[in-house]
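Structure record follows, encoded as structure tokens.
The values are calculated or read from the model by the stated rules, or taken from the named source; none is laboratory data. Predicted model, so just to flag it, every value in this text is computed and none were measured. Cβ placement follows ideal geometry from the backbone for every residue including glycine, while neighbour counts extend to all protein chains displayed.
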Amino acid sequence: MRQYLVAWLESVTPSLAPNTRLSYAGRIKRLDPVIGKYKLSTLSAMEIQRALATLLQSYAPSNVRSCRGLLHRALADAVKWNILPRNPVDLASSPRVPKRPMQVFSEDEVRKLFDATTGDHYHTLWVLMATTGLRLGEATGLRWEDVDSRDKKLTVQSNLQRIRGQEMQSCETKNAYSRRVVHLAPSTLALLKKHKAHQAEAKLSQGAEWENTADLVFTTTRGTPIDPSNINKAWDRTLQRLKLPPIRIHDMRHTAATVLLKRGVHPKKVQGMLGHASIRTTLDLYSHVMPAMHEEVAQHMEALFSAAEGVR
């Protein structure tokens with residue numbers, strides 16, 4: 001197994017984003033002590049199940065679940081390449097991962113954030129993420145050529161990442177579904193235009209020291225890409241200052257989806273905005289919103305009885 005997993009990773013590396021490749025390598029490293037000694041041709045579901053149980057003694061269920069997912073993908077390729085007749089991982093149970101309650105802002109809290117950060121360096125970034133559901137890397141990787149002011153939309157096609165031990169890099173979006181068009185609220189577009197004007201002034205004042213060669217929408221004061229760790233620190237400071245709930249910046253993506261679903265927007269449209277590959281992903285993530293939607297359905301159906309009483 002050890003040799004196969006190393007060879008498999010080399011074969012799929014060209015199709016992986018740099019950070020994904022590093023993540024896969026880490027999972028293979030964790031799997032090696034518990035499964036590396038087995039022969040690929042004789043590996044059984046029981047041996048895989050024992051290996052996962054051993055990993056659970058040292059790692060969190062979510063981590064072990066990720067290891068199982070990598071092993072499943074690697075052996076699925078072995079089946080596709082006619083090395084194995086079937087995938088033994090199919091018969092090995094995945095560890096249960098306790099669901100963490102999703103934390104999101106209420107609409108009033110979003111408005112408080114907008115109002116209280118006007119003029120801050122990251123104000124436009126906060127607003128964009130709250131009104132589009134973009135991931136942080138998608139927002140910081142956005143270029144001005146991706147913003148279509150005439151048609152009031154933007155195209156998500158890159159993801160800014162810090163590769164371990166390297167500089168910030170712009171990578172392609174994680175999959176074909178992540179590459180998408182997102183329509184902009186008029187106020188968000190107006191804010192982006194104002195932000196662009198401020199950036200032009202900064203470029204003029206910096207002169208030769210301005211470094212925004214990629215024409216990024218969001219940069220440091222010198223025009224360089226923003227390190228996500230600095231954004232997270234600024235986010236935490238902002239929430240503390242405003243006495244807002246301490247949610248992660250990624251939870252602004254969940255906030256955007258929750259607001260839309262509660263306002264009756266069809267889940268399929270929310271799926272498209274978020275770039276989920278499947279509507280099931282959207283429905284699973286935001287099942288906490290569904291009871292309110294079901295109640296609304298019941299209220300609409302009550303109209304049938306009201307209509308019938310009117311006929312009588």
### Task
Only residues that are surrounded by fewer than 20 Cβ atoms within 10 Å (Cβ to Cβ) and either more than 15 Å from L91 (Cβ to Cβ) or of a type in the set (F, W, Y) (or both): list them for the range 35-55, please.
G36, K37, Y38, K39, L40, S41, T54
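Does L84 satisfy the criteria of being surrounded by 19 or more Cβ atoms within 10 Å (Cβ to Cβ) and either at pLDDT 95 or above or under 19 Å from V12 (Cα atoms) (or both)? Reasoning before the result, please.
Working: surrounded by 19 or more Cβ atoms within 10 Å (Cβ to Cβ): no; either at pLDDT 95 or above or under 19 Å from V12 (Cα atoms) (or both): yes.
No.
Pick out the one residue from L260, L285 that is of a type in the set (A, V, I, L, M, F, W, C), modelled with pLDDT of 70 or more and within 15 Å of the chain's Cα centre (by Cα).
Details: L260 fails: within 15 Å of the chain's Cα centre (by Cα).
Going through L260, L285 in turn, the sole match is L285.
With respect to S41, is the statement that it is at pLDDT below 95 and assigned to a loop (DSSP other than H, G, I, E, B) true? If you could, list the steps in order and put the result at the bottom.
Values: at pLDDT below 95: yes; assigned to a loop (DSSP other than H, G, I, E, B): no.
It is false that S41 is at pLDDT below 95 and assigned to a loop (DSSP other than H, G, I, E, B).
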### Query
Of the residues that sit in the range 87-114 and are farther than 21 Å from A25 by Cβ and among the β-branched types (V, I, T), which one is modelled with the lowest pLDDT?
V97
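With respect to T173, is the statement that it is touching a Lys or Arg at 6+ places or on another chain (Cβ under 8 Å), modelled with pLDDT of 90 or more, hydroxyl-bearing (S, T, Y) and surrounded by 15 or more Cβ atoms within 10 Å (Cβ to Cβ) true? Give the derivation first.
Details: touching a Lys or Arg at 6+ places or on another chain (Cβ under 8 Å): yes; modelled with pLDDT of 90 or more: no; hydroxyl-bearing (S, T, Y): yes; surrounded by 15 or more Cβ atoms within 10 Å (Cβ to Cβ): yes.
So T173 fails the test.
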### Residue check for K29: part of a loop (DSSP other than H, G, I, E, B) and surrounded by fewer than 13 Cβ atoms within 10 Å (Cβ to Cβ)
no
### Task
Scan the range 1-20 for residues that are modelled with pLDDT under 95, crowded, with 17+ Cβ neighbours inside 10 Å and assigned to a helix (DSSP H, G or I) and report the count.
1
### Query
How about the range 56-80: which of its residues are surrounded by fewer than 19 Cβ atoms within 10 Å (Cβ to Cβ), within 14 Å of K29 (Cβ to Cβ) and of a type outside the set (S, T, N, Q)?
Y59
### Task
Mind listing just one residue for me: the one in the range 195-224 that is in contact (Cβ under 8 Å) with a residue 40 or more places away in the chain and in a helix (DSSP H, G or I) and, of those, surrounded by the fewest Cβ atoms within 10 Å (Cβ to Cβ)?
K196
#### Entry: Residues satisfying the stated conditions in the range 115-159, i.e. farther than 26 Å from S178 by Cα and out of contact with any His (no Cβ under 7 Å at 6 or more places or on another chain)
D115, A116, T118, G119, D120, H121
### Task
Taking the options D115, D120, D108, name whichever one is surrounded by fewer than 16 Cβ atoms within 10 Å (Cβ to Cβ) and not in a helix (DSSP H, G or I).
D120
### Message
Considering only the range 148-167, I want to know if a residue exists there that is assigned by TED's automatic domain parsing to the domain that holds L283, in a helix (DSSP H, G or I) and of a type outside the set (A, V, I, L, M).
### Response
no
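Could you identify the single residue in D236, D227 that is more than 14 Å from the chain's Cα centre (by Cα), assigned by TED's automatic domain parsing to the domain that holds L142, within 21 Å of T117 (Cα to Cα) and touching a residue at least 12 places away in the same chain (Cβ under 8 Å)? Before you say what the answer is, go through the steps one by one.
On the way: D236 fails: touching a residue at least 12 places away in the same chain (Cβ under 8 Å).
Just one listed residue meets the conditions, D227.
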### For H254: the one exception among (1) farther than 24 Å from R180 by Cβ; (2) assigned to a helix (DSSP H, G or I)
(1)
